[in-house]
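Everything below concerns the one structure shown next.
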Amino acid sequence: MRAAGASRARKRGRARAEIRGSAPGRLDQASGAARPAVRSDHARSGGTRRRHTPHPSPASRPFAPRAPGLGARAGGEGGARRPRPLVGCPLFPFPFAAVKFWCEVTELFEQAPSTAFWIMSMTASTYYGNFQPVSPWRWLFSVVVPVLIVSNGFKKKSLDHSGALGGLVVGFILTIANFSFFTSLLMFFLSSSKLTKWKGKAKKRLDSEYKEGGQRNWLQVFCNGAVPTELALLYMIESGPGEIPIDFSKQHTASWMCLSLLAALASSAGDTWASEVAPVLSKSAPRLITTWEKVPVGTNGGVTMVGLASSLLGGTFVGITYFLTQLVFVNDLDISAPQWPIIAFGGLAGLLGSIVDSYLGATMQFSGLDESTGMVVSSPRKEVKYIAGKPILDNNAVNLELYFIYQSPMDGL
């Protein structure tokens, strides 16, 4: 019996040796047949072969139904293997190709603005001949700061939707051209918005066209910002983006452009300051600038000493802003002409702008007294008593005409 038992043990040993030599797998515990070894996906794709941990036997594994084509084998236990899934991670159920495509699209959209700015910078630097592109920080400042200012103005009802869009365009062009242009525009906008809202209830009783919050639409932004925007574009064509000292001996044309733009903004500030301050603070009745007769408050072309002083202060305020910006950003002021006359020039431009605006209003804008409300209106009607002017222009057209007058020196150049 011992011999028979030893014989059976030797037979089993030879059988195991044959199985190991023929197929480097493991025995199936149910049938005793040899199962082929499982190779990893990495090994099947041509990578380095690594040792595979044996799976538990089919008898010891719990039954779990699988979706067709994902887990079951077509031909039973020994059939063909399921296809390799196109999934990168079970927690991220998108194919690798779709994920890669989405990343490429996202990267393209992220790089598009910077690429566009780079192309414009290189085009400008090639045109000006200095081969120095505009600084990315200047691009960033010219985009972000106007957006923040316009958003704040829209939130406080200083601009409506169309006015906000127009303000973005004007703000971007003036900022990228010259920081002195930007600060002058900014101070004009902020001071005008504050003064428009100042004593709003009293102004509402005097002005039939007064708007709550002084909201400005695209037409007002265009009439007040079209000429400064045009001058800023001409300035960039002439000398490129950047700050320069106003010096006619070195940069004659560019200096004229800077003064014309400063005059336009200073006259706007002077006219706005006079229109918002004089009706509230003036103790005397305004006088028509053409005949010097007393007229009701709100008449186009009426002037007071308070209004004239306010226009002088408004222009001076813009001139001071321009001068201080020059001190901060211009490097070669020590070898250039003195810049302090800019302040006096701004004040003079504000005063003259208010006077010219009043003259145009007295002659080309209709003013009449509505006897039913006691307010001055700008449109002729049966119940309106005529005061002065002809219905040719409105207030926006008068402002635009005033800017063209300030641009006239550039037409000669």
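All of the numbers you see were taken from the coordinates with simple rules; none came from a lab. Quick caveat, the model's predicted, so the values are computed rather than measured. Positions of Cβ are backbone-derived with ideal geometry, glycine not excepted, and every protein chain shown enters the neighbour counts.
Only sites in a loop by DSSP and with at most 13 other Cβ atoms within 10 Å count here; which chymotrypsin sites (Phe, Trp or Tyr not before Pro) in region 242-335 make the cut? Don't jump to the answer; show the numbers that get you there.
Working: sites: Phe248, Trp256, Trp273, Trp292, Phe317, Tyr322, Phe323, Phe329; in loops: Phe248, Trp292.
Listed in order of number, the matching sites are Phe248, Trp292.
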- Item | Label-point separation, Asn152 to Lys390 (7 Å along Cα→Cβ), nm | 4.5 nm
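If you scale each eigenvalue of the Cα gyration tensor by 5 and take the root, what three semi-axes come out for region 274-354, rounded to whole angstrom and sorted largest first? The partial results should precede the final answer.
Numbers: eigenvalues 243, 25, 11 Å².
Calculated on Cα positions only, the semi-axes equal 35, 11, 7 Å.
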- Determine, at each q value in 0.15, 0.18, 0.20 (inverse angstroms), the log₁₀ of I(q)/I(0) that the Debye formula gives when each Cα of region 232-284 is one equal point scatterer. -0.54, -0.63, -0.70
- Query: Tell me, what is the FRET efficiency for Ser135 and Leu190 to the nearest 0.05, using R0 = 41 angstrom and their Cβ-Cβ distance as r?
  - Reply: 0.95
- Among Gly200, Phe188, Phe154, the residue whose Cα sits farthest towards the positive end of the charge dipole of region 146-204 (+1 at Cβ of Lys and Arg, -1 at Cβ of Asp and Glu, taken about the Cα centre) is Gly200
- Roughly what would the spin-label model give for Ser162 and Arg10, points 7 Å off Cα along C-beta, in nm? 10.9 nm
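Please get the size of the charge dipole for region 219-289, origin at its Cα centre, with Cβ charges of +1 on Lys and Arg and -1 on Asp and Glu, quoted in debye to the nearest 20.
Details: 3 positive and 6 negative charges, 66 e Å.
The dipole magnitude comes to about 320 debye.
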- Tell me, in nm to one decimal, what length is gained between Glu371 and Thr290 on full extension, where the rule is 0.36 nm per residue of separation less the Cα-Cα distance? 26.8 nm
- Item | Simple spin-label estimate for Ala202 and Ser249 in nanometres, 7 Å along Cα-Cβ | 5.0 nm
- Message: Over region 131-281, how many pairs of lysines fall under 30 Å by alpha carbon, counting only those 8 or more apart in sequence or from different chains?
- Response: 28
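According to the square roots a ≥ b ≥ c of the eigenvalues of the Cα gyration tensor, what is the shape class of region 277-413, taking rounded for a/c under 1.5, prolate for a/b larger than b/c otherwise, and oblate for the remainder?
Numbers: a/c = 3.36, a/b = 2.14, b/c = 1.57.
Verdict is prolate for region 277-413.
So between Leu327 and Lys283, what do we pick up on full extension, going 0.36 nm a residue minus the alpha carbon distance?
Values: separation 44, 0.36 × 44 = 15.84 nm, distance 3.95 nm.
Gain in length upon complete extension: 11.9 nm.
Can you give the charge dipole size of region 288-413 about its Cα centre, rounded to the nearest 20 debye, using +1 on the beta carbon of Lys and Arg and -1 on the beta carbon of Asp and Glu? Walk me through the numbers on the way to the answer.
On the way: 5 positive and 10 negative charges, 85 e Å.
Approximately 400 debye in magnitude.
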